[in-house]
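These notes are about the structure you will find just below.
The values are calculated or read from the model by the stated rules, or taken from the named source; none is laboratory data. In this text the structure is predicted, and so the values were computed from the model without any measurement. All Cβ positions, even for glycine, are placed from backbone atoms using ideal geometry, and neighbour counts span all protein chains on display. These area figures cover heavy atoms from the full protein model, side chains too; ligands, DNA and RNA do not enter into them. Shrake-Rupley method; radii C 1.70, N 1.55, O 1.52, S 1.80 Å.
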Amino acid sequence: MQTALFRKFALFAELDERELSSIAAVAKSRRYAKDDVVFHADESGDIFCLIREGQVKVTMISPEGKEIILSMLGPGDFFGEMALLDNEPRSATVIATEQLDVVTIWRSDFLQILQENFSIAKKVLAELSRRLRNASNRIESLATMDVYGRLARFFLDLAAKQGKVLDNGYVAVTRPTHQSIANMIGTSRETVSRLIHDLMKQNLLLSEGKTIYLRKTALDQFRAEV
Ligand code: CMP
């Protein structure tokens with residue numbers, strides 16, 4: 001694979017051309033269609049994946065078949081590091097939510113890369129810390145907040161992550177389906193639809209095509225409440 005491709009990943013930002021070529025030499029490319037399962041929870045794992053294009057959801061499926069979305073990951077993000085680091089089975093099921101292109105690295109190569117490049121090991125640890133913080137916040141909100149509070153926090157996080165501030169007093173974000181919001185905040189699709197409908201009636205939120213426009217005053221109100 002070409003080294004130019006690897007320059008786009010923040011994980012490899014501090015590597016020189018020689019170090020990049022040694023990674024390019026062991027990396028492979030894989031493609032998945034929308035809804036393909038990349039990893040099943042509990043299977044054994046041998047590869048580390050970096051997302052070139054597309055998006056995945058990291059999920060756990062309850063014994064009753066209910067899906068809980070732990071995280072959505074997109075271009076530049078990585079997954080599949082945990083099973084390689086702790087020699088345990090995959091911790092979650094990873095599913096492509098759109099056509100997905102990934103760069104894969106085998107376990108032994110991944111471990112060797114970490115051993116030889118402290119900058120990469122530090123970035124993997126920093127990302128694991130960030131994910132642990134997110135998981136702690138989720139536990140806190142599930143234990144202490146009602147559904148409205150969890151939805152408010154969900155919109156605040158979404159706006160912070162990908163919101164485009166517009167001149168007309170709104171912040172635009174890509175609209176996830178009501179079902180996926182429900183699976184992220186631990187409630188039913190019907191409840192999410194009802195709460196979003198209430199926010200629309202109060203003019204705090206507009207939904208048009210694939211975009212949700214959140215009123216800045218709504219975000220201020222959410223911030224004061226969560
Ligand atoms: P692994 O356990 O090998 O396979 C599933 C992957 O999902 C895991 O590595 C992580 O990369 C990712 N993952 C698991 N839990 C979370 C989480 N809470 N947030 C983000 N990503 C996660």
key: Around Ala27: net Lys/Arg minus Asp/Glu count, Cβ-Cβ under 12 Å   = +2
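Based on the alpha-carbon gyration tensor of the chain, what equivalent-ellipsoid semi-axes (square roots of 5 times the eigenvalues) come out, in whole Å, largest first? The partial results should precede the final answer.
On the way: eigenvalues 241, 80, 52 Å².
Square roots of five times the eigenvalues give 35, 20, 16 Å.
Nearest 500 deg cm²/dmol is fine: what mean residue ellipticity at 222 nm does the chain get from its DSSP H runs of n ≥ 4 alone, each adding -39,500 (n - 2.57), divided by its residue count? Write down the numbers at each step before the final one.
Working: 9 runs with 105 residues, N = 226.
Helices in the chain give a 222 nm mean residue ellipticity of -14500 deg cm²/dmol.
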inquiry  = Given points 7 Å out from each Cα along the Cα-Cβ axis, report the Ala224 to Arg107 separation in nanometres with one decimal.
reply    = 5.4 nm
request  = Enter the accessible area per residue of the range 3-142 (Å², integer; probe 1.4 Å; all protein chains in place).
outcome  = 55 Å²
request  = Using Cα pairs closer than 8 Å and at least 6 residues apart in sequence, work out the relative contact order for the range 3-142, in percent.
outcome  = 31 percent
ask   = If the limit is 28 Å between Cα atoms, which of Lys122/Lys210; Lys57/Lys123; Lys28/Lys122; Lys66/Lys122; Lys34/Lys66 go over it?
value = Lys122/Lys210; Lys66/Lys122
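What whole-number value in Å² describes the accessible area per residue of the range 146-225 for a 1.4 Å probe? List each step's numbers first, then the result.
Values: 4400 Å² over 80 residues.
The answer is 55 Å² per residue.
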key: Taking all pairs of distinct alpha-carbon atoms in the range 23-132, Kirkwood radius in angstrom   = 14.3 Å
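Measure off, as a whole percent, the carbon and sulfur share of the 1.4 Å-probe accessible area of the range 145-226, all protein chains present.
Details: 2290 of 4490 Å².
C and S atoms contribute 51 percent here.
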key: Cα-projected label distance for Asn87 with His40, points at 7 Å along beta-carbon direction, nm   = 2.4 nm
ask   = Roughly what angle does helix 107-116 make with the longest principal axis of the chain, taking Cα atoms, 0 to 90 degrees, to the nearest 10?
value = 80 degrees
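Using only the C-alpha atoms of the range 146-225, find the volume of their convex hull and express it per residue in Å³. Intermediate values should be presented prior to the final figure.
Working: hull volume 6.7 nm³, N = 80.
Residue-normalised Cα hull volume stands at 83 Å³.
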Derived scalar couplings ³J(HN,Hα) [the range 136-150; Karplus, 6.51 cos²θ - 1.76 cosθ + 1.60; whole Hz; x for Gly, Pro] = 5, 4, 5, 4, 4, 5, 5, 7, 10, 10, 7, 4, 4, x, 5
